[in-house]
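The values are calculated or read from the model by the stated rules, or taken from the named source; none is laboratory data. Remember, predicted model here, so these are calculated numbers, not experimental data. Glycine gets a Cβ as well: all are built from the backbone with ideal geometry, and neighbour counts include every protein chain shown. Accessible surface areas use protein heavy atoms only, side chains included; no ligands, DNA or RNA. Shrake-Rupley method; radii C 1.70, N 1.55, O 1.52, S 1.80 Å.
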Amino acid sequence: MIIVGISQADDRFHPQYHLMPANDWLNDPNGPVFYKGYYHMFFQYTPNSSTSGLKYWGHGYSEDMVHWTRLPIAISPDQPYDINGIWTGSTTIVDDVPVIIYTGINENNQEVQCQARPADATDPTMTEWIKFPMNPLITNPNGRDPATAFQDDQNNYYLIYGFGTDELGGQAVLFTSRDFTNWTYLHPIHSNHYDNFWECPDIFNVSNRVVMKASLRGQDFWAVGELDPVKKVFVPLAGDLGEYTQLVDQGKFYASKSFYDPIHDQQVIVGWISEDDNQGEQRGWQGLLSLPRSIFLSDDGLQLRSHPIETLQILRDEKSHRSFHNIVLPSVVPFELVPDIKGNQIELIINWQFPGNQNLDFGLSVLSTADGRQRTSIGVITRVNTSFMPNWDVPGWDYFSVPAINNSTACQRSCDQDIKCHSWTFDSSKKINDNCFMKSGIPLLVTNSACTSGVKQRETNQQLVWIYINRSLSQQNPAAGRSPHYGTIWMKSESLNSQWFLGLHIYVDHSVIEVFEPKGGRVAITARVYPEEDSAENLAVYVNDASATDQDIIIDTLDVWILNKIWT
């Protein structure tokens, strides 16, 4: 099932959730599965290099999805059909036996689909694996990353993997089998032109809905839909893979895999968090996996939501627990330390209270030096009016430039009339036919005097909130990523004297930050940061844009725990 994450090297980068011996390379998670009382995670890794090399499958198992034991390599590239690498795959329980289907890179560097089974199905640790003598099972089309198979009511198996063509763009191709050995190609189960190839597609049920997930454009996207039982195609109900309202995680999260956890009756997803700097070789490790997340749907059944699995709470060192209540922030405070709290392997739950209909920018900094010279800020931005914002750009995520637009009002009208549009920018410095940009999500605000932007509004008594991770001061290394990660939430009125309430659930693990909105699971944001200062373990609060009235920004509660290790 899930290795919560992986990495290691020197003492400064010795993450709790992300611990692996030096010279390991962890890529995509593979084959998460629950079997005979244990959770198992298989993952790509290269034992002979910290930054690249021939891919094998590593293996770990757990009794609680939190504490993990490392096992020997599960699958090695030692046959002509996989001699150039064991790439991504999945595990399916077939006749009560876990069966792996993986992509092998053969001697001609073609991608073929292969099978492996445990040498001893009675061994709950599944330490040894045997490749199927008839491998490869599928040789065409030349795609990769088979997902966990599913069945229909006639006991036919169906399998998808990633592919792409100029005609259809990125796609998940569909195969069927009666015996899980002889596979027949059918057709693409779903495709679109947001990218020319999909990686790591996945399809599963959540609350009697069908969810499809795929990796494209450098991130993981989802769509809720239905399977047509006759045409055997997936039909999205609202939003499609590749549109930026459809992100599994708004940050550094890719090539995820999911599985059904029968113990807690939940669908769980885990993603690959790649590095975001150039220091992998020096550290001796590269890449790790995210926290395991429980997937669920919004009340209307059309939105994918997630939050960390509840069993992660057993990692808390309860003796370390600190709790703060009713902290009223000054009108403007560029940087103020939270007293007597330090840690680079911590869990935080913070509940903000702030006035509505204001231009606000405030938050909490983590991994900070005492003077704030190095820090990473996790903040909240609100605006009085988001429907029409002169001198602001919302850059990126464009899908269309509307022709024959002469002014910002016409650009706004075009967005309002386009069901796919969620925000827009009119750029007066550009020529007609290239000055009004429709966006399939809501990017973060950037000041620009040439631009007017807006967000398509929802029902009344809702307020748009941007949640962001600011990495501009996170490290000195110019090769490390500095661009912000961000997501948005439409908050419904729960006003008490025009006050709004927002909770954030934050995990900090040395070079990894994962941020969640705990109430509705509406935001998940993952970031990599690499502070060089050993003393960058402080917390601080800040207010960049304060309330224009006498209403305060308040931390209702702040709870902090140091976290224990996962490896047994």
Study note, to complete from the structure: Quick calc, Asn477 & Thr557: beta-carbon distance into FRET formula, R0 41 Å, rounding 0.05, result 0.70
Study note, to complete from the structure: Per the helix-only model, the chain has a calculated mean residue ellipticity at 222 nm (DSSP H runs of ≥4, -39500 (n - 2.57) each, divided over all residues, rounded to the nearest 500) of -500 deg cm²/dmol
Review point. Which entries in the list Lys36/Lys213; Lys232/Lys420; Lys252/Lys420; Lys319/Lys565 go over 19 Å, if you measure between the two C-alpha atoms of each?
Key: Lys36/Lys213; Lys232/Lys420; Lys252/Lys420
Revision key, fill the gap. Quick note, segment 423-568: a/c under 1.5 would make it rounded; otherwise a/b > b/c is prolate and the rest oblate (a ≥ b ≥ c, C-alpha gyration tensor); here it is oblate
Study note, to complete from the structure: The simple spin-label model distance between Ile83 and Ser498, using points 7 Å out along Cα→Cβ, in nm, is 7.4
Check your understanding: Between Lys232 and His193, what FRET efficiency comes out of the Förster formula 1/(1 + (r/R0)^6) with R0 = 25 Å and r the beta carbon distance, rounded to 0.05?
Key -> 0.75
Exercise for review: Taking only protein heavy atoms into account and a 1.4 Å probe, give the accessible area per residue of the chain in Å².
Suggested key: 39
Revision key, fill the gap. Rg/Rh over Cα atoms for segment 272-429, Kirkwood Rh, comes to 1.02
Point to revise | Inter-label distance, nm, simple model (7 Å from Cα along the C-beta direction), Asn155/Phe388 | key: 6.5
Review point. Based on the Cβ-Cβ distance from Ala119 to Glu281, what FRET efficiency comes out when R0 is 41 Å, to the nearest 0.05?
Key: 0.70
Review point. Once you charge only the Cβ atoms, +1 for Lys and Arg and -1 for Asp and Glu, what is the size of the charge dipole of the chain about its Cα centre, to the nearest 20 debye?
Key: 740
Check your understanding: Across 5 Å bins from 0, what is the distribution of all Cα-Cα pair distances for segment 80-184, in whole percents?
Key -> 2, 13, 22, 24, 19, 12, 5, 2, 1, 0
Exercise for review: Report in % the part of the accessible area of the chain that belongs to carbon and sulfur, leaving out ligands and nucleic acids; probe 1.4 Å.
Suggested key: 47
Practice item. Quote the relative contact order of the chain in percent (integer), defining contacts as alpha-carbon pairs under 8 Å separated by 6+ residues. Key: 15
Review point. From the phi of every residue in segment 220-229, what ³J(HN,Hα) in whole Hz does the Karplus formula 6.51 cos²θ - 1.76 cosθ + 1.60 yield, where θ is phi - 60° and glycine or proline is x?
Key: 9, 10, 10, 8, 9, x, 9, 9, 6, x
Check your understanding: In nanometres, what is the gap between the two model label sites at Thr549 and Ser323, each 7 Å from Cα along Cα-to-Cβ?
Key -> 3.1
**Study point:** Overall form of segment 167-224 per C-alpha gyration tensor (a/c, 1.5; a/b vs b/c)
**Key:** oblate
Review point. Cross-link partners among aspartates and glutamates for Lys492, C-alpha distance below 17 Å, same-chain residues fewer than 8 apart left out?
Key: Asp299, Asp300, Glu459, Glu517
Practice item. Return the tail of the calculated pair distribution for segment 48-89, meaning the percent of Cα-Cα pairs more than 17 Å apart. Key: 45
Revision key, fill the gap. Across the alpha-carbon set of segment 315-369, Rg over Rh with Rh taken as the Kirkwood radius works out to 0.98
Practice item. Starting from 0 in steps of 5 Å, tell me what percent of the Cα-Cα pairs of segment 389-455 lands in each bin. Key: 4, 23, 34, 28, 10, 1
Point to revise | Debye intensity ratio I(q)/I(0), log10, segment 24-312, q values 0.09, 0.10 Å⁻¹ (C-alpha model) | key: -0.39, -0.49
Practice item. On the full set of protein chains, 1.4 Å probe, figure out the accessible area of Phe34 and give it in Å² to the nearest 10. Key: 50
**Study point:** Cα point-scatterer Debye curve for the chain, base-10 log of I(q)/I(0) at q = 0.06, 0.09 Å⁻¹
**Key:** -0.31, -0.70
Check your understanding: Expressed as a whole number of Å, what is the distance separating the alpha-carbon centroids of segment 518-568 and segment 277-316?
Key -> 16
Check your understanding: Among Val235, His321, His264, whose Cα lies farthest out toward the positive end of the dipole of segment 217-334, if unit charges sit on the beta carbon of Lys, Arg (+1) and Asp, Glu (-1)?
Key -> His321
